[in-house]
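Here is the structure we will look at.
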Amino acid sequence: MGMYINHNSMATNVANTLNSHYSNLATSTQRLSSGLRINSAADDAAGLGIRELMRSDIAALNQGVRNANDAISLIQTADGALGVIDEKLVRMKELAEQAATGTYDSTQRLMIESEYQAMASEITRIANATDFNGIHLLNGNLSGATHDGSKMTATGKMKIHFGSMNDSAEDYYYIQIGTSTASALGLGNSSGSSSRAGFTVSTQSAAQAALVAVQNAIVSKDKIRANLGALQNRLENTISNLKIQSENISASESRISDVDVSTEMTTFVRNQILTQSAVAMLSQANSMPRMAMQLIGG
């Protein structure tokens, strides 16, 4: 190789090598400082696309867990209120049994009737007052067609969405709660018709008929509670599955996106040494024109 003054090709070659090593060193530094192998699309375009899809699924699944937990809270609210209604129904059956015997006169029977009707009114009050986040649970609003939450008053069966897509077989199901007012259960003088068996216990024969009506009301209420219990168990299983999905997708996303610190640290040290070596060689290459000047001077 000739010795030139105008062009120092040796220094240019070393400078290009230095730039390459320095760029690699900067990449390693960025990866080690961020903990990510992919910091931009340039690092791995395909990997970045896969990672972002996985991240969106993870976020949706984690929100799905929260959605399912909210649904469990809603169910527990409804079930708690039904538990109180259950106490009222037990008392109403006790009162009907008391009024069904012949050892009470009409005045005493009217006292029993007064408490019977008070229990029925309290059942209706509880059913109308029980709500979760402004959604009434036991007054019949959740017993009809599907609602989408767009109206001021939510009505119809409630969709609980927990999956990352919108597949009816995999990503959501419905909570439907029957009406639990005294009228719907066929009890008390608000039930609509005096001919209904649970309308009153003011007479011995009416009280005897009310025993059957209260028993049927308890069965109806128990069916609602059993359905809610099954839904709660299903939601709890769904939450367990969602957490497992999120965990496994997170592990896959980590393998794609996160840096292997031990491997990258080895690469960092290698690039650091090569950069330092290139800096030293560039200094030497830059001294070559001076050697040529010494020849001229000589």
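Within this structure, T263 passes the test of being exposed (fewer than 14 other Cβ atoms within 10 Å of the Cβ) and β-branched (V, I, T). Within segment 68-117, the residues that satisfy the criterion of being loosely packed, with under 15 Cβ neighbours inside 10 Å, of a type in the set (G, A, S) and at pLDDT 95 or above are S73, G80, G83, S114.
Only one of the listed residues (S195, S220, S183) is in the same structural domain as V65 (by TED's automatic domain parsing), part of a loop (DSSP other than H, G, I, E, B) and at negative phi. That residue is S195.
Does at least one position in segment 207-224 carry a residue that is farther than 30 Å from G102 by Cβ and not acidic (D, E)? Yes, segment 207-224 contains at least one residue that is farther than 30 Å from G102 by Cβ and not acidic (D, E). Just to be sure, is Y4 among the aromatic types (F, W, Y), modelled with pLDDT under 95, assigned to a helix (DSSP H, G or I) and more than 24 Å from R255 (Cα to Cα)? So Y4 does not fit the description; no. Comparison of L53, L95, L61 shows that the only residue that is assigned by TED's automatic domain parsing to the domain that holds M165, under 30 Å from V261 (Cα atoms) and in contact (Cβ under 8 Å) with a residue 60 or more places away in the chain is L61. So, in segment 98-125, how many residues would count as being among the aromatic types (F, W, Y) and in contact (Cβ under 8 Å) with a residue 12 or more places away in the chain? Residues flagged as among the aromatic types (F, W, Y) and in contact (Cβ under 8 Å) with a residue 12 or more places away in the chain within segment 98-125 amount to 1.
Among the residues making up segment 166-199, those that are hydroxyl-bearing (S, T, Y) and either at pLDDT 95 or above or within 40 Å of the chain's Cα centre (by Cα) (or both) are S168, Y172, Y173, Y174, T179, S180, T181, S183, S191.
The values are calculated or read from the model by the stated rules, or taken from the named source; none is laboratory data. Please read these numbers as outputs of a predicted model, since none were measured by experiment. In this analysis, Cβ positions are derived from the backbone assuming ideal geometry, glycine residues included, and neighbour counts consider all displayed protein chains.
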